[in-house]
Each structure stands twice: as C-alpha cells, then as structure tokens.
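Written below as structure tokens is the structure these notes are about.
The values are calculated or read from the model by the stated rules, or taken from the named source; none is laboratory data. Not measured: the values here are computed from a predicted model. With ideal geometry, Cβ positions are generated from the backbone for all residues, glycine too; neighbour counts draw on all protein chains shown. We work out accessible area using only protein heavy atoms, side chains counted, and drop any ligands, DNA or RNA first. Shrake-Rupley method; radii C 1.70, N 1.55, O 1.52, S 1.80 Å.
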There are 2 protein chains.
Amino acid sequence: MKLTSKGRYAVLALADLARFDNINPVSLRDISLRQGISLDYLEQIFSKLRKKEIVQSIRGTQGGYILKKRAKEIKLTNIFDAVDEKVKTVQCKKESKKGCNGKLTKCLTHNLWDELENHINNFFEEKSLEDLIKKDTNERRI
Amino acid sequence: MKLTSKGRYAVLALADLARFDNINPVSLRDISLRQGISLDYLEQIFSKLRKKEIVQSIRGTQGGYILKKRAKEIKLTNIFDAVDEKVKTVQCKKESKKGCNGKLTKCLTHNLWDELENHINNFFEEKSLEDLIKKDTNERRI
DNA sequence: ATATACTTGACTATTTTAGTCAGGTTTATA
DNA sequence: TATAAACCTGACTAAAATAGTCAAGTATAT
C-alpha cells in the first residue's frame, strides 16, 4: 500500500506554490528547480490541476500558476482526485462473478476494506493546503 | 494508493481459517476452493504467515493450518507485516541527498505523509481477526 | 520580434504485481 | 510400508502500473 509519486508531487508542488502565491504567479520552472521534480512531469500534473480548477495559469513572460481557490478551501482529497490518485482497497466491486456476492467470508473482509477506505478519505478531507503551510511556518528554521 | 492482493488475500484466508479453526486444521485446498485463490499463491502467503508465527502447520493427510494465537491477538498489522504489505507514503527517507534535508517545503509534506502513515497504521493496529469474524456473525444471512 | 512559459499527446524503460511451475519433503492412514 | 494428501521452496514470467521523457506546438508580456 503506497502513494504514487504523482500524488505526492502534486501536493508538494501546490504547497510550494501556495507559499509564493500572494505575490506573483509561480513558474513551473521554479517549482521544478526548488523541488527537484522534472519540468515535463510537472506540466502533466498541472494540466490536470488546472482542469479541476485548483490552479489557474497565466501565460507569457513572468507567467506561471496561481491558486484558483484559497488554500483553506483546497483539501487534499481534491488534489488527489485531480491527479487520479485514488484510495482503492477493494476489488470485488467490479468483478461481479468472482466477487463477494453470496460469499460470507468475502463480504466480511469487504466491509473492512470499505471502512479503511473511509478512514483514509476522512483524513484527506480534513486536511487543507493551508494546514500544511501553517504547520510549516510554525516549524520554520532561521 | 492501493492495497495489493497479497495483503487482501492474507486477511481473507485467515478470516476463513479462523472460522473453522476450533474444530480441525483447515487445508489450503479448502481455502483455495472457498475463496477462489490459487493454491500456489496461498502456499506462498502461508509460508510467510507461518514464519511470523501467526499460523501453525499440521502435516500429513487431514493436515492443514491452525491459528497459532487467538484471533483476538492477531491484529491486521501483524498480518500485513508478515506478507510484506507495508504502508509506505514517504520516499525521502532512503534517498539522503535528494531527500527533504534542509528543504523547508519538502519537510512540510514529509510531516503530512508521516501523519497519514500513522493514521492508517493505527487502524490496522486496532483491528483484530476476531473483530472481523464477530462482525460477520452479526450480519450472517440464513 | 522573441524569449518565456504554458499545453498536449504520444511514447517508453523500469518496476511491481500476481501469479505459475517444478520439484521437492513430511506424515496419517489403509 | 506404500501412498496420497498436504505442506514447502525457489525460480520464473506475463501483464499492468509507474514515472517519467520527448516532440511539437500555442499564447503573451516586454
């Protein structure tokens, strides 16, 4: 069970973006340099974030990206959703025949996976981008 | 972010095992048939479970497996640990150079992933095999 | 004009997953 | 003691997912 780096990068890049957001648009080039993420990969990720209206692009020289909503309103769940990072524990939903239909034991673990999925999703729904930045500020080193 | 089927199968198979455990050893063949998991794959999984002393094998005709501890004492975390299903969110721990060392923004998400990891692990540490079976009994259909 | 920066889609090497396969060993029971 | 049921182990592999790269643009501030 692991997070893919696409999801991790998305959160990381947005956190970076959120810190500079008030001043100017942030270029992907800068994020790429600061966070060590390939520019091409960032473009893929931001394309998705833009489609889901999490960020807004500003073209041309001195262009870049800004947040489209306030950091407080961007939950981690929105970010993961945008880049197709899904929390997926059960498989039996799609396979209708081999699934847990009628089988007691399978249904029993099915409940467990659902519960786990909710548990994780709750975590993501509670946390906003702002929470991340706040936390960081508290811990900032000089 | 997803669970691998090795982890899912391990839990499923143990739940199956736990229900028949009091009477006789349960053969992998039976579990394989009941749960639709390949026998060869089950053997791989049970080999690991045995090494971690979660189950005990009984050889020979009419042999099979029994739980080595009480269902109450087997937590999901033990099971996942046995089959190498790890909850892994952060990557920066092993890469010492590209990691979050000195970088504020990385450290900030690092905290997040740690928090998430704990959140999930807590869930696994709370649930025991017994919880699963109990739940099932409550929902048993006639 | 032109450099900077976004935009898109196709492509690919690597890794992980989810098993299979082959060839054992052990032991209850007839 | 023969034998079949059941465990045991390690090597192998096809398929899928991941983590990007590459190429060829378009838009716009200066």
Completion exercise
Taking segment B:1-15 and keeping residues more than 10 Å from DNA strand C (Cβ to nearest atom) and more than 7 Å from chain A (Cβ to nearest Cβ) leaves B:ALA10, B:ALA13, B:LEU14
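Suppose we filter A:VAL83, A:VAL55, A:VAL87 for residues that are more than 7 Å from DNA strand C (Cβ to nearest atom), open to solvent by less than 80 Å² (accessible area, probe 1.4 Å) and more than 14 Å from chain B (Cβ to nearest Cβ); which single one remains? Walk me through it before giving the result.
Working: A:VAL83 fails: more than 14 Å from chain B (Cβ to nearest Cβ); A:VAL87 fails: more than 14 Å from chain B (Cβ to nearest Cβ).
A:VAL55 is the lone residue from the list that is more than 7 Å from DNA strand C (Cβ to nearest atom), open to solvent by less than 80 Å² (accessible area, probe 1.4 Å) and more than 14 Å from chain B (Cβ to nearest Cβ).
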Practice task
Might you check whether a residue that is over 16 Å from the mean Cα position of the chain (by Cα) and either within 13 Å of DNA strand D (Cβ to nearest atom) or among the hydrophobic types (A, V, I, L, M, F, W, C) (or both) occurs anywhere in segment A:1-10?
Solution key: yes
Exercise for the section: Might you check whether a residue that is surrounded by 22 or more Cβ atoms within 10 Å (Cβ to Cβ) and either near DNA strand C (Cβ under 9 Å from one of its atoms) or at the interface with chain B (Cβ under 7 Å from one of its Cβ atoms) (or both) occurs anywhere in segment A:16-27? Expected result: yes
Exercise for the section: Evaluate the following for A:TYR65: is it in contact with a Phe, Trp or Tyr (Cβ under 9 Å, 6 or more places away or on another chain), near DNA strand C (Cβ under 8 Å from one of its atoms) and open to solvent by 10 Å² or more (accessible area, probe 1.4 Å)? Expected result: yes
Completion exercise
For segment A:55-69 the number of residues that are touching a helix residue (DSSP H, G or I) at 6+ places or on another chain (Cβ under 7 Å) and either near DNA strand D (Cβ under 9 Å from one of its atoms) or of a type in the set (Val, Ile, Thr) (or both) is 1
Completion exercise
Matching residues in segment A:32-47 (within 26 Å of A:VAL87 (Cα to Cα) and facing chain B (nearest Cβ under 10 Å)) number 2
Problem - Matching residues, segment A:36-52, being more than 15 Å from DNA strand D (Cβ to nearest atom) and either among the aliphatic types (A, V, I, L, M) or more than 15 Å from A:VAL11 (Cα to Cα) (or both) - result: A:LEU49, A:LYS51
